[in-house]
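The values are calculated or read from the model by the stated rules, or taken from the named source; none is laboratory data. Computed from a predicted structure; not experimentally measured. Every residue, glycine among them, receives a Cβ derived from its backbone with ideal geometry; neighbour counts consider all protein chains shown.
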Amino acid sequence: MKKQATIVGAGLVGSLWAIYLNRAGFDVKVFERRPDMRKANIVAGKSINLATSYRGWKALDALGIGDEIRKIAIPMYGRTLHAENEQQFYQPYGINQQAIYSVSRGAINAKLMDIAEEKAAIFFNEECLNVDLKTNTCTFKNSQTGTVSEIKSDLVFATDGAFSAVRYHAMQKLDRFSYSQNYIPDGYKEILLPANADGSFKLDKNTLHIWPRAEFMLIALPNFDGSFTCTLFMPFEGHKHCFNNLTSKEKIQDFFINVFPDFYKMMPDVANHWDEHPLSSLAIVRCFPWYHNNTVLMGDAAHATVPFFGQGMNCGFEDCTVMWDLMQKHGATPESDSKVFEKVFAEYQIMRKPNGDAVQDLSLLNYVVMRDKVNDPAFQLQQKIERRINELYPDKYFPMYSMVSFSDIEYHVALSKGKEQDALMAQFIADNQININTSSESIDKAIHASFGENLVLN
């Protein structure tokens, strides 16, 4: 008989994993705590936008559905910085028009649900109350009818997010299960910047816009309707500028006039829209192990991170890629013995745990880059040189950002190599006395002389 798989959570990772299991011939049922988002008339930009990059596209293209998602994604080839004096500066992400893609969380989730439902059943309003890890039995309660049901299956995949019910009710009750949930001092508030009256964009649509202010930042990602989903990341308290100080429309208006003047000119009624989205917190969740018997954690349930590298979804999608590859390696099919899947899960957590930790560290590091370092001339010079080395030696040198966003080099390798490269670049710049006025010809000459064929950093 075909193996029955229960997926708890119909979010991004759960819906994608359902498609993978569908294609392999498993009997798949998906249970989601929330109502069907496709029936909620979600407007573009009303939930925080995502940045799809190489790892995400790899997982989607492996199923032949990448092009469907590209239809609802907008390429962003770099970041545009907005200074307090209203000047703008553009920084490309990579070389040869490399881009990350802005996509609405609701739009991509809805599309993945549609594809998953071609073969799998998705049950909504079903809250997970418990999982019996010995019998693979999940207990659900329907929030509309109050009906409690028990679903027994061969495999249970917990893709139910940072506050996973499966992890809380079952895994965290296990002996020697390690778990931590750490909130950063900053929260976030979303703001929808509408399109112009004629439907056109108020900003360049093909870049990610950042208003870096050292301790905090505002970002904007484009939507297809001409609007931008904007997110203000800022400390809750303890700073001159923090959320707890914005207690009236007058204070909100003054804040934007003084700190984000060009944004205020585009949206002078920003204070009137301030309460349309909640103020939300940001946490990093780490845990181990990621499986017990035939129940396994994937995506945010295993390694929830903060959004500053745009890798939360991409990392979760890569979980699917790795799990799928391991199933092929071990010959795991709908007819396989459960011991085969235990081998898959054991190897999966060994491979992915270091990368889950690394993507969290990378995300925190990139917050400092986005809110502060992008304005630093020394950092800008280093980025310029790294891009040039990458252009001259594309098979040998990848800046850390490129390793993370434009390759499937393991996250923990990208993190360690990135630190090595920071030291290498600092030494190279000092040895060759390079500054912002050094000509491109002189920089190229120094690159060839210093590295040449000896450059091996990946």
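Quick notes on this one:
- Here the helices (runs of 4 or more DSSP H) wholly within the range 1-117 that include at least 2 residues being in contact (Cβ under 8 Å) with a residue 40 or more places away in the chain and more than 24 Å from residue 225 (Cβ to Cβ) are 12-24, 54-61.
- Spans of strands (runs of 3 or more DSSP E) in the range 118-237 with at least 3 residues under 30 Å from residue 373 (Cα atoms) and within 20 Å of the chain's Cα centre (by Cα): 178-193, 208-212, 217-222, 228-235
The rows are residues; the columns are (1) modelled with pLDDT of 95 or more; (2) touching a Ser or Thr at 6+ places or on another chain (Cβ under 9 Å).
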| position | (1), (2) |
| --- | --- |
| 58 | yes, yes |
| 62 | yes, yes |
| 65 | yes, no |
| 91 | no, yes |
| 106 | no, yes |
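- Among the criteria (1) over 30 Å from residue 445 (Cα atoms); (2) of a type outside the set (Lys, Arg); (3) surrounded by 21 or more Cβ atoms within 10 Å (Cβ to Cβ), the one residue 354 does not fulfil is (3).
- Taking the conditions (1) within 30 Å of residue 351 (Cα to Cα); (2) touching a Lys or Arg at 6+ places or on another chain (Cβ under 8 Å); (3) hydrophobic (A, V, I, L, M, F, W, C) in turn, residue 443 satisfies each one other than (1).
- As for the range 299-307, it holds at least one residue that is closer than 29 Å to residue 24 by Cβ, touching a Ser or Thr at 6+ places or on another chain (Cβ under 8 Å) and not in a helix (DSSP H, G or I).
- Test: residue in the range 227-243 that is touching a helix residue (DSSP H, G or I) at 6+ places or on another chain (Cβ under 7 Å), at pLDDT 95 or above, surrounded by fewer than 18 Cβ atoms within 10 Å (Cβ to Cβ) and within 18 Å of residue 84 (Cβ to Cβ): yes
- Residue check, residue 297 surrounded by 17 or more Cβ atoms within 10 Å (Cβ to Cβ) and more than 16 Å from residue 13 (Cα to Cα): no
- Against the list (1) modelled with pLDDT of 95 or more; (2) under 25 Å from the mean Cα position of the chain (by Cα), the condition residue 370 fails is (1).
- Close Cβ contacts (under 8 Å, 6 or more residues apart or on different chains) running from residues in the range 230-250 that are touching a residue at least 24 places away in the same chain (Cβ under 8 Å) and within 12 Å of residue 216 (Cβ to Cβ) to residues that are in a strand (DSSP E or B) and β-branched (Val, Ile, Thr) comprise 231/191; 231/219; 232/191; 233/219.
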